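Accompanying notes for the structure given below.
Derivation of every value follows stated rules applied to the coordinates shown; laboratory data play no part. Just so you know, these numbers come straight off a predicted model, no measurement behind them. Note that we place each Cβ from the backbone using ideal geometry, even for glycine, and neighbour counts take in every protein chain shown.
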């Protein structure tokens, strides 16, 4: 089949099929100085896709605080890097794989984990943990049950085989994600400062190496596709999905981690979205050089691949590497040890062009700056949606609840609240034996091998709050993530984000994006946790309806002394139960509201960042003094759920008395609250530090009793509540 | 005595084993890459867990095709200790050094957690445990259902070759077998992972006596 000519691309407007607008095409022509041929326009369309260029989100991303005393590498590289002392650093990044997962959830979720792991080890860091974040429909529809099962199996398969433990994660279920799941994966790695790498192609004449899997016709135009809405119902023209091979990646990872100690290494980058195109253009542009590659030398899995196909393929498990000229054999020998194919495919030039040769001819010659730096940036129109003023005008009031116990049991069975063990039991949570706190607590904790330090990590975002009030919801997402780290005994040090939104062409969606970014930024500053990496996934819509705005945050905290690690499980009967923070009548976006009314409305819970910061500092101080037996925050379902969850793990009970109006006391989702248990002998010292803590009762053996001002509100054996909570997701999947 | 911890392509938990055996318990061990390895000078062999060759075809099956596999078989014949944990047990079964085979877990899923096993203390790998003690060990596998015909199962039990037994019907293993030793008593396979249970802060310490027994008894050889 003959490729269209440059003239045909123009006349027949073929660029439209590649996701470029007429204006973008005209801009490309102007920058290029002539009509781009088919391969060249392919390069432009991929690099200027939202996925690679962030053209719609850049003005929003610029609002994020990205600097801090610990930040060694902010956004712009494969992953961000923060100093954790002792010449060590934590490296992390979160990425979405939503579009592929909507189509082929197993493969989509697996390659999501694979991609973000490559981002981390391409920085020179050994991945030590995976974290995930899922959003799915409420499991009433077979397709959503299938998506959950397959996405979990896919992520588990990749992580388990490559041998990186999955130690934390979160899931929220809501019909706004039905058939359009969000699959976000985060990888965390460790490195010594001197091993820090960047994706740079510098030094004229230096050699460009290709390492890893062969290039096939899979995932061509994936970057463009993932920037578009998925047509779930009529999937007639779906591209061939890229499949992952965790075994190959394990070998590639070990080779790359050996390579980073070699002096001849100049730069290394994963071939992620837009594969060879983005890695070569970005490495050259960042370094201020050019790259020339001979495509005949690219290892190819299929016959007769065109330059367009090779450059736009998203075959997995491939890296582009630049090494000093003359060192090729030594470098290739490292890959050979692991049975990985590596070969020279080009060299660095000084002309700032990406030049591609194929069968002896120059088939593309494009400015790397035009591709990777000078992409169009849009200030999209933004408009406050009509619903916002309506919601803000609503009175806060508590829903009608007649039977408190029945309501609590029903809440415990809600998949968003229920135990996630059906999911996390499929992950190897302990591989390489450094997992101090496995999934099921507030955050996962990993030991920094050879030290007494630990890293705590979590992912969070309650998108219902973000929908009702993006700015407040954005703040809450940051605050909740930080709270989860604090509850594990960690000090939050940095954030990665995955901004999952609907179409940015809708002014209301863009407004959600802007406002939530403002909220996130403000909270990150207040809680001293800069954003060091991230990813944007726009156009998450089904049949024209956007998902709830979901800026998922991955946060990492530093534990200075592993003796300070705390879990959410109460430890022994007789310990005193404290609640930090008073419940207000706040049910907008709450699980109770959704459960009783089938929809959400009203104001999101309020958040005072000064109060939040103070309480977090106090709780952390008490934990560090060894005064806290267990800690968890109050989130979905309110205090009654948080109290129950605190005693499920060790099958204890509790007897507490709450004040105020019963429904609010039990189920309100007021922010900045904690449930803590403290040993009797530490009560005084604890109260002196956590001044907002109020004693509500004691841990008992096996019965949960929650009293109100006028007697018992809820009473039952721990096991009856626990069984409802523990088995709910497995039950929904039957 | 010095152990070689063997790594095949895809092995991922050699560090757990090295940490447990050498850093925590104080035994001597080296991590050995399968290519061009010579294991004859070591005093013991350990095959750690992790998806060798990506678990493609069948867990452990492709490790059999390496040149190192022949050395392992020859090494076992010398009577020196050979230990396989998790996927390492799969490899020993594939090499024919231990009887039986593995099926997928009844859930058909990869499963992680902790499981109770009863310990047979009449072996050189377990003598430091209290008699008939039940310990809790971490596990992580998809192919954890040990299969063997009834006659051989009976023989294993009669010969005192069953080393670890699940206390319930976890993973639907025949006779609830979690770990076995060969007739000569020097080749051990165990599905749960003692190397992940040697420190209170990580997975408890129920795996410690396994390493202590092994080091003490085999170095007295």
Discussion item. Looking at region B:2-219 only, what percent of DSSP beta bridges run antiparallel? Nearest 5 please.
Written reply: 55
Discussion item. Is the C-alpha gyration tensor of region B:34-190 telling us rounded, prolate or oblate? Criteria: a/c under 1.5 is rounded; beyond that, a/b larger than b/c is prolate, otherwise oblate.
Written reply: oblate
Worksheet item: What ranking of A:422, A:48, B:33 emerges when the number of other C-beta atoms within 10 Å of each C-beta is taken as an exposure proxy, fewest first?
Response: B:33, A:422, A:48
Worksheet item: Of the residues B:124, B:64, B:109, which exhibits the maximal mean-square fluctuation in a Gaussian network model of chain B defined by a 10 Å Cα contact cut-off?
Response: B:109
Worksheet entry | Spacing of the two label points (7 Å from each Cα toward its C-beta) at residue A:571 and residue A:601, in nm | 4.8
Discussion item. So if I take the alpha carbon set of region B:1-124, get Rg, then get Rh from the Kirkwood formula, what is the Rg over Rh ratio?
Written reply: 0.95
Worksheet entry | Burial order of peptide ranges A:370-378, A:456-464 (average beta-carbon count within 10 Å, highest first) | A:456-464, A:370-378
Discussion item. For A:217, A:673, which order do you get if you count the other beta carbons within 10 Å of each Cβ and list the fewest first?
Written reply: A:217, A:673
Worksheet item: Once both axes come from the Cα atoms, what is the angle between helix A:470-486 and the longest principal axis of chain A, in degrees from 0 to 90, rounded to 10?
Response: 80
Fill in: Within 10 Å of each Cβ in A:429-441, the average number of Cβ atoms from other chains
6
Worksheet item: Going by a ≥ b ≥ c, the root eigenvalues of the Cα gyration tensor, does region A:101-227 fall in the rounded group (a/c under 1.5), the prolate group (a/b larger than b/c) or the oblate group?
Response: prolate
Worksheet item: By the gyration tensor of its Cα atoms, with a ≥ b ≥ c the square roots of the eigenvalues, what is the shape of chain A: rounded for a/c under 1.5, prolate for a/b over b/c, or oblate?
Response: prolate
Practice prompt. Please report the Cα spread of region A:69-154 along all three principal axes, rounded to whole Å, starting with the longest.
Written response: 50, 21, 21
Practice prompt. Would you give the gap between the C-alpha center of region B:154-170 and the C-alpha center of region A:449-514, rounded to a whole Å?
Written response: 50
Fill in: In degrees, nearest ten, helix A:142-162 long axis to first principal axis of chain A (Cα)
70
Worksheet entry | Whole-Å distance, taken between Cα centres, linking region B:102-129 and region A:50-88 | 45
Worksheet item: If one takes the longest principal axis of the Cα atoms in chain A, at what angle in degrees, from 0 to 90 and to the nearest 10, does the Cα axis of helix A:507-526 lie?
Response: 70
Worksheet item: With contacts defined as alpha carbon pairs under 8 Å and 6 or more residues apart, what's the relative contact order of chain A in percent?
Response: 15
Worksheet item: In bins 10 Å wide, starting from 0, what share of all Cα pairs of region A:1-57 does each bin hold, as a percent?
Response: 25, 58, 16, 1
Worksheet entry | Cα centroid of region A:326-396 to Cα centroid of region B:1-60, whole Å | 39
Fill in: Two-site label geometry, residue A:261 and residue A:659: point separation in nm, points 7 Å out along Cα→Cβ
6.2
Worksheet item: Using a simple spin-label model with points 7 Å from Cα along the Cα→Cβ vector, what separation in nm is obtained for residue A:683 and residue A:710?
Response: 2.9
Worksheet item: Counting each DSSP H run of 4 or more residues in chain A as -39500 (n - 2.57), what helix-only mean residue ellipticity at 222 nm follows after dividing by all residues, to the nearest 500 deg cm²/dmol?
Response: -10000 deg cm²/dmol
Discussion item. Let me confirm one metric for peptide A:155-162, namely the mean number of other chain beta-carbon atoms within 10 Å of its residues' beta-carbons.
Written reply: 4
Worksheet item: Fewest first, what order do A:49, A:488, B:219, B:145 take by the number of other Cβ atoms within 10 Å?
Response: B:219, B:145, A:49, A:488
